[in-house]
Amino acid sequence: MTKVLTGNWGKKDSHLLATYEAGGGYSALKKVMGGLSPAQVIDEVKASGVRGRGGAGFPAGMKWSFVPQNTGKPIYLCINADESEPGTCKDRQILEFDPHMLIEGAIICAYAIRAKIAFFYIRGEFDLPYRRMVKAVEEAFAAGYLGKNILGSGFDLDFLIHKGAGAYICGEETGLISSVEGGRGEPKVKPPFPAVKGAFGCPTIINNVETLATVPWIINNGGAAYKQFGTEKSPGTKLISVSGRVKRPGNYEVPLGYPLQKLLLEDCGGMQDGYELKAIIPGGSSVPVMPAEKALTVNLDYESVAAAGSLLGSGGMIIIDHTQKMPELLEILAHFYSHESCGQCTPCREGTGWAHRVLKKICHGEGTKADLDLLLSIAGQMSGATICFLADSLVMPIRSFLTHFRAEFEALIKAEVPA
Amino acid sequence: MTTKVDQSSGLAAAAEARIDDLQRRYPTKAATLLHVLWEIQWQDGWISEDRMRYAAKRCGVPISKVLGVVSFYTMYRTKPVGRHHVQVCRNICCHIMGAAPLIEHIKAKIGVGEHEVSADGKWSFEEVECMAGCAWAPMMAINEAYHENLTPEKADRILGELV
């Protein structure tokens, strides 16, 4: 199987420039600077069909083409390495094992959109990925891949590492912009979309680490070659992070459309002895949970997972075994989203906390039957009522947990004493 | 970890040089606030009110803005932590892999509870949300370093080696 993203992962010192160059690294940048126009780069990325790998799945080439080139303002690129969606641990390994692949992809993107500065936004907790990126960026400047007049092309790009400080919401693109601007990571109302008015009021493209890391391969091999992997509507390969009681958890690069069952049983070696599969959250903690029998029928592409009632999201696949109590897991998620709500929008700030308190009560055996309806009512009042998607990221778990595992919640409800 | 210096004055020369460099490159001085706060915390271990005033002056923003930023992000500390700040993930993937008993085990081992610092200043403890160690759960971080695929025995060994 061709590896677009993970080809260098096993190599000794894979994170160093010398290793990356020895394996053909920065040849895509040389090709671009040797004579491709920004429009040609965008066309190639459009032809590949690669979709944003952070969770939203928006076609990357199309996003890049939205940047207006006539505003007279500087254009910025933000690289989203604020990997914080529970279940997702893929970007950190790109940064740990192949930081130059990301940097090369980011430079090519910056050239295509004519950005002046690339802001690399990395979550504050990341230590090894941060140190590897600091070193790789130094190497790239010293080699002339970053800075003034890159490879004699006349194109300049500065690259700034912006270290976050612990806030899930900064992974949301406009929250990330607020943080890059030096403020609280509060999301902003869209429109205007960042491509038109983003960081510092200027046109800005935000792309996930994994998305940008595919770009060198696409430029080297062509968009058409990339499109050979995956499905018609979900082209290419995707990193899937598998966690939970499987024999071999970890990150797997698979062509989109790969059967979930095959990934679980063959690649991950199936469940650990003594554990049975109960449910799967396929795309990070925000997306709807699927009962085992349903999950095992899906293919890992955006359309197949959506048709089965969930989302591929970030590719963070959480395997839930038979020993897990679903109300407890939902309570943990509600705690998380309540903790991470930025507090700007009342339905989210109050709703996530309220849902958490109700769930805590239920888990402590203090819940009533009306509390289950109350949870759904809270969810209904949160959904679609806020600036960003954080509130809905709890709504989807609440609704899906209660749809598929309602009996477990009811079993915790106090027997009601007749009046 | 804390130093007796006049905290309203500047940071160590190397830190000031890094801030100068970034302020030349960022579109605005205000945008370097997170950097300045990191430099303060790396040097002092936490961020005092005097230091916040300094950060405000350094970035050309009001003190209210600095307070807003410091209180928004969970990693900025407004009081000192222990020499070994132990953070254990409580989120869903770590929970599935046994985080709840592990957290109790670690708290008992180091003898401090949530947001507490031991009397000798050696330990402090905090439950944290997902740190993207999901496939290697359960996990903890001690200061910056991640420790993954934990068992109570492995955690004991790691904690036992710290002085």
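Taking only alpha carbon atoms, the protein assembly as shown gives an Rg to Rh ratio of 0.96, where Rh is the Kirkwood radius. With a 10 Å cut-off around each Cβ of B:83-93, the average count of Cβ atoms from other chains is 4.
Within chain B, B:CYS59, B:CYS130 have no other Cys Cβ under 4.7 Å of their Cβ and so lack a disulfide-compatible partner by this rule. Taking the number of Cβ atoms within 10 Å of each Cβ as an exposure proxy, the fewest-first ranking of A:HIS364, B:HIS147 is A:HIS364, B:HIS147. The GNM of chain A, with springs linking C-alpha atoms under 10 angstrom apart, assigns the highest mean-square fluctuation among A:PRO288, A:PRO397, A:PRO68 to A:PRO68.
Counting only alpha carbon atoms, the long axis of helix B:49-59 and the longest principal axis of chain B meet at about 60°.
Spatial offset of segment A:378-400 relative to segment A:353-375 amounts to 17 Å, using the alpha carbon center of each. Near the amide H of A:THR237, within less than 5 Å, lie the amide hydrogens of A:LEU256, all on another chain or at least 5 residues away, with H placed in the peptide plane.
Ordering B:SER118, A:SER314, A:SER241, A:SER400 by the number of other Cβ atoms within 10 Å of each residue's own Cβ, fewest first, gives B:SER118, A:SER400, A:SER241, A:SER314. Annotation: the residues A:THR204, A:THR237, sorted from fewest to most other C-beta atoms within 10 Å of their own C-beta, follow the order A:THR237, A:THR204. Annotation: extensible slack from A:LYS294 through A:GLU232 equals 20.0 nm (criterion: 0.36 nm per residue apart, minus Cα-Cα distance). For A:GLY57, the residues whose amide H sits under 5 Å from its own are A:GLY52, ignoring neighbours fewer than 5 places away on the same chain, with H placed 1.01 Å from N. For the peptide B:133-140, the mean number of other protein chain Cβ atoms found within 10 angstrom of a residue's Cβ is 6.
Per-residue mean of foreign Cβ neighbours for A:15-21 is 0 (Cβ atoms of other chains, 10 Å radius). Spatially close Lys pairs in chain B, defined by Cα atoms under 19 Å apart and a spacing of eight or more places or different chains, total 10.
The lysine pair tally for segment A:17-226, using Cα distances under 16 Å and a gap of 8 or more places or different chains, is 10.
For chain A, modelled as a GNM with alpha-carbon contacts under 10 angstrom, which of A:ALA407, A:ALA136, A:ALA279 fluctuates the most? Looking only at A:ALA407, A:ALA136, A:ALA279, the biggest GNM fluctuation is shown by A:ALA407. The angle between the Cα long axis of helix A:128-142 and the longest principal axis of the Cα atoms of chain A comes to about 10 degrees, rounded to the nearest 10.
Taking Cα atoms, how many degrees apart are the long axis of helix A:99-113 and the longest axis of chain A, rounded to 10 and kept between 0 and 90? Roughly 70 degrees between the two axes. Between A:ALA225 and B:ASN143, the simple label model (points 7 Å from Cα in the Cβ direction) yields a spacing of 4.5 nm. Only Lys, Arg, Asp and Glu carry charge here, each on its Cβ (+1 for the first two, -1 for the last two); on that basis the protein assembly as shown has a dipole of about 1160 debye about its Cα centre.
Which residue fluctuates most in the GNM of chain A (Cα springs below 10 Å): A:LEU333, A:LEU402, A:LEU36? Result: A:LEU36 has the largest fluctuation of those listed.
Using the alpha-carbon centroid of each, what span in Å lies between segment A:214-292 and segment B:84-127? First find each Cα centre; the distance between them is then 32 Å.
Since every read-out is calculated from the coordinates, none of them should be taken as a lab result. What you see is a predicted model, and the numbers here were worked out from it, not measured in a lab. Glycine also receives a Cβ, built like all others from the backbone with ideal geometry; neighbour counts cover every protein chain displayed.
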